[in-house]
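For reference, the structure is listed below as C-alpha cells.
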Amino acid sequence: MLEHKLITKHIGNIDPLSIDDYVGVGGYAMFKKALGMTRLDIHDAFEASKLRGRGGAGFPVAIKLMAMAKETRKPKYVICNADEGEPGNFKDRYLMENNPHQIIEGMLIAAYATGSSHGYLYIRGEYAQSMATMQQAIEAARQAGYLGSNILNSRFDFDLEIRSGAGSYVCGEEFALLESIEGKAGRTRVKPPFPTAKGLFNQPTLINNVETLATFPVIIAMGGEAYAKIGTPTSTGTKLISLSGNVRKKGVYEVPFGVSMRKIIEELGGGVGAGRKIQMIQLGGACGPIIPEYMLDMVIDFERFEEFESKTGAGAIIVIDDRHDMFAILEQVSEFFTHESCGKCTPCREGNVHMRNVLRRFVNKTATEQDLLMLENQARVIHQTSLCGLGQTAPTAIISTLHYFRFDYLNRIEDSMQEVA
Amino acid sequence: MELTAVLQAYPKEQTYLLEILLKYQASKPTHHLEEDELTAIADHLGLPASHVFSVVSFYSFFSMTPRGRYILQFCRDVPCHISDTFSVRETLETLLGIKTGETTEDGVFTLEYSSCLGACDLAPVLRVNDTLYHHLTVDKIKAILAEIRSGSDA
Ligand SMILES: Cc1cc2nc3c(=O)[nH]c(=O)nc-3n(C[C@H](O)[C@H](O)[C@H](O)COP(=O)(O)O)c2cc1C
Ligand code: SF4
Ligand code: FES
C-alpha cells in the first residue's frame, strides 16, 4: 500500500471535537508517557527519529529542541505555525479540522521537553473553521486538565492561546510570525539570533509547523529508532502531500518518504482527466519549481527537493495538464509574490513587479529576446539578494522553467515576432 | 459591537492589537476601520497612532474604506486558476455589475481577490465572510448571490 498512516491514523474514526474519542484511541497517553521520561530521553528519541521540520525548510527538530534546552531564561514559548499560506498546501488545515487534539498533545510534549510554559497557535485568518475547531479542542483539553497549571499533578504548567493572522503570506516566515504575534506588521528580522535564542518578546522560542508537532506523539509512542526505519535513511517517516490541480482525486495523502510522485498522482490521485496528459507539475507550492512530466519518477525526499534550491517543500503537488499555457501560470505565480511581498527590501519589492510585467509580454506574445535575458537576470538577482525566504524563492518557478522549458520561451519569442510581422 | 466592549475583552497589551482590530472590524456591517477608531485603539494600548496605522495598512484583511456587508473573496492562485473553466472573476463581476475591489451600490457586496484559501482540493473556491463555498459553477455562484440577497433584504 502506498499510503502509510501514522499521523492521520485516527482521522475519520474519531469525532474531532470529542476529547473522549481522542483519549479512546490512545490520545494524551503519549504526553503522559513523556512526563515519565527525562528531558534527555525525549531529546534522544527525537535525535534518533531524525525528524525534520514539515513547514518547508526541513530543519532537524532535535537541534532546535537541544538549543531550547540550553536556554535558561524564562519564560520560554512554543509556537505552532499554522499560517499555511503557500498556494497548493492545505494539509495543516486538514490536521486541525480533523484531529485537533493531536496537535495540542504535540505542543504539550514540545513544551515539556523544552521547559516552556506558554504556547501560541498562529492560524491564518482565512481558516475560520480551523480556528473554531482548535478553540473548542483547547477548551476541552483545559477542562480535562491537560492544559493549565500543575498538569496531571506533574508540577508542569502549560497553557495555549490561538492568534489569528490577517491575510499576509509572509507571516508564515518565522520572524514575521513573531512580529505579528507581538502586534506589529509582519516584517522579518535579520538573523541570527534565531528564535530559540531570541524569539517571541525576545525570549527563547520553539517554532514548528502543525504537521511537525502532530508527529511528536507518534515518535514518543513508537520510539525514535522505529520511526527512523520508515521512509528513506535521510528523510525519515511520512509526509503529508497536498495533491491539487488537474487530477481526479485531490486531497491530503500520507505517504512514507521515498515514494515517487508518479505513484502519488496516478495511484492515489487517479491521474488526470480522460483524454488529457500531464504537462508539468509545480512542487511545494508557488515558491517551488515547475518540472516536466518525464521527471515524475523522482521520489519525495528532502535531498531531492534541495537540488532545486527549493527549501519550502511543504509537500504540495500541483498537477497541470496540457490545456494550460505555462506563461499564464507563471504570471499567476508572479502576481502572488508581487501581492505578498512585504516591501522591506528592494529586490523583492521591485523585482517581482518587473518579472510579472515581463511574463505578461510572454502571455500576450509581445516578448523579445531582450525580455528573456532580462527575466533570467532579474530572477537570479532576486533569488540571491532578497532578505527572506519569500524573495529568495519567488523566482524559483521561473528559474526552473527557464531550465526545463527553455524551448517554450524561445518558441514564444518566435511567435511574438510573427505576430508583429 | 461597541469599540469599548471589544477593548475590554482583551488585556491592555500590544500583542492583542491584531485580535482587537480583527474582532472590531468584523463586528461592523461596513467591514472597515476609521481614523478616530484607530487613534482610540492606539491610546488605549499606549501606542503611537502611527504604529496602528502601519499595522492596518500592512495586513490585507483590514480596510479603511467602507465595504459591503458580504465580502466575496475569490482565489486566483494556480490550483484554482487551472481548475477554473468558466472564470469565477468574470462571472462575479458580470452578475454584480462591479469590478474586483468595488462595492455594489446597495452596500451588500464587495468583491475582492484573495490569495490561496487553503482549499485547493475543493477548487475553485469563494469565501463569503467566514463561509467557504467550493466546486464553483456559474449556477452555484448565482445561487449563492441569490441566497444572500434574499436573506439580507429581510
Ligand atoms: C515566506 C515564508 C512563508 C512560510 N510560511 C510557512 C507556513 O505557512 N507554515 C510553516 O509551518 N512554515 C512556514 N515557513 C517556514 C517557517 O519560517 C519555519 O521554517 C517553520 O515554521 C519551522 O517549522 P518546522 O521546522 O516544523 O518546519 C515559511 C517560510 C517563509 C520564508
Ligand atoms: S524578501 Fe520580500 S518579503 Fe522578504 S523581507 Fe524582503 S521584501 Fe519582505
Ligand atoms: S489555490 Fe485557490 S484555494 Fe488554494
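Here, each number is a calculation from the coordinates, and none is a lab measurement. Values in this document were obtained by computation on a predicted structure and should not be read as measured data. Note that we place each Cβ from the backbone using ideal geometry, even for glycine, and neighbour counts take in every protein chain shown.
If the chain linking B:ASN129 and B:GLU105 were pulled fully straight, counting 0.36 nm for each residue of separation and taking away their Cα-Cα distance, it would gain 6.8 nm. Compared with the dominant Cα axis of chain A, that is its longest principal axis, helix A:39-49 is turned about 30°. Relative to the longest principal axis of the Cα atoms of chain B, the long axis of helix B:138-153 lies at roughly 50 degrees. Using R0 = 25 Å, the C-beta based FRET efficiency linking A:MET1 and A:ALA226 works out to 0.85. Modelled spin labels at B:THR94 and B:ALA146, positioned 7 Å past Cα toward Cβ, are 1.7 nm from each other.
The mean of 1/r over all pairs of different alpha-carbon atoms in the protein assembly as shown, once inverted, gives a Kirkwood hydrodynamic radius of 24.6 Å. Its Cα gyration tensor gives the range A:136-250 an equivalent ellipsoid, and the semi-axes of that ellipsoid, as √(5λ) in whole Å with the largest first, are 26, 25, 18.
Taking a point 7 Å out from the Cα of A:GLU369 in the direction of its Cβ, the residues of the range A:396-420 whose backbone N falls within less than 18 Å of it are A:406-420. Annotation: amide H of A:GLU254 within the under-5 Å range of A:HIS4, A:ILE241, sequence separation 5 or more or interchain, hydrogens built in the peptide plane. Taking a straight Cα-Cα cut-off under 26 Å and skipping sequence neighbours fewer than 8 places away in the same chain, the lysines within cross-link reach of A:LYS344 are A:LYS184, A:LYS191, A:LYS198, A:LYS311.
Note on A:ASP325 and A:GLU139: with the Förster distance fixed at 56 Å, the Cβ-Cβ geometry gives a FRET efficiency of about 0.70.
Close amide H partners of A:GLY148, meaning residues 5 or more places away or on another chain with modelled amide H under 5 Å apart, are A:PHE158, A:ASP159.
Translational diffusion coefficient of chain B at 10 °C, 1.306 mPa s, Stokes-Einstein with Kirkwood Rh over Cα pairs, in µm²/s as a whole number. Each step should come with its number before you reach the end.
Working: Rh = 16.8 Å.
After rounding, the answer is 94 µm²/s.
Within a straight-line Cα-Cα reach of under 16 Å, A:LYS263 can be paired with the following lysines, leaving aside sequence neighbours fewer than 8 residues apart in one chain: A:LYS239, A:LYS249, A:LYS250, A:LYS277.
In this rough spin-label picture, where each label sits 7 Å from Cα along the Cβ direction, the B:LEU47-A:ARG248 distance is 5.1 nm. Of the peptides A:253-265, A:138-150, A:167-179, the order by per-residue mean of other Cβ atoms within 10 Å, starting with the highest, comes out as A:167-179, A:253-265, A:138-150.
Taken residue by residue and averaged, Cβ atoms of other chains lying within 10 Å of the Cβ of B:130-136 number 2. Per-residue ellipticity at 222 nm computed for the protein assembly as shown from its helices equals -13000 deg cm²/dmol, with DSSP H segments shorter than 4 residues left out and the rest contributing -39,500 (n - 2.57).
Evaluating 6.51 cos²θ - 1.76 cosθ + 1.60 at θ = phi - 60° for every residue in the range A:245-258, the Karplus couplings come out as x, 8, 9, 5, 10, 6, x, 9, 10, 9, 10, x, 4, x Hz, glycine and proline recorded as x.
Whole-Hz Karplus values for the range B:25-38 come out as 4, 5, 7, 8, x, 8, 6, 8, 10, 10, 3, 5, 5, 5 Hz, taken residue by residue from phi with 6.51 cos²θ - 1.76 cosθ + 1.60 and θ = phi - 60°; glycine and proline positions read x.
Test of the criteria: in the range A:304-413, which trypsin sites (Lys or Arg not before Pro) are in a DSSP loop and have at most 13 other Cβ atoms within 10 angstrom of their Cβ? Intermediate results must be reported in sequence, preceding the final value.
Numbers: sites: A:ARG304, A:LYS311, A:ARG323, A:LYS344, A:ARG349, A:ARG356, A:ARG360, A:ARG361, A:LYS365, A:ARG380, A:ARG406, A:ARG412; in loops: A:LYS311, A:ARG323, A:LYS344, A:LYS365.
The qualifying sites are A:ARG323.
Each of the peptides A:56-67, A:213-224 was scored by the mean count of other Cβ atoms within 10 Å over its residues; in descending order, highest first, they stand as A:213-224, A:56-67. Relative to the longest principal axis of the Cα atoms of chain A, the long axis of helix A:61-70 makes an angle of roughly 50 degrees. Taken one residue at a time, the phi angles of the range A:356-372 give Karplus couplings (6.51, -1.76, 1.60, θ = phi - 60°) of 4, 5, 5, 4, 4, 5, 5, 5, 7, 6, 10, 7, 10, 4, 4, 4, 4 Hz. Gly and Pro are set to x.
How well do other chains shield peptide B:69-80, expressed as the mean number of their Cβ atoms within 10 Å of each residue Cβ? Could the numbers behind the result be given before it?
Values: counts 0, 0, 0, 0, 2, 0, 2, 5, 12, 19, 17, 5.
Mean shielding count: 5.
Just to verify a number: FRET efficiency for A:THR72 and A:ASP159, C-beta to C-beta distance, R0 = 22 Å, to 0.05? E between A:THR72 and A:ASP159, to the nearest 0.05, is 0.55.
Is the range A:19-228 rounded, prolate or oblate when judged by the Cα gyration tensor, a ≥ b ≥ c being the square roots of its eigenvalues, rounded requiring a/c under 1.5 and prolate requiring a/b larger than b/c? Let's see the in-between values first.
On the way: a/c = 1.40, a/b = 1.17, b/c = 1.20.
Here the range A:19-228 falls in the rounded category.
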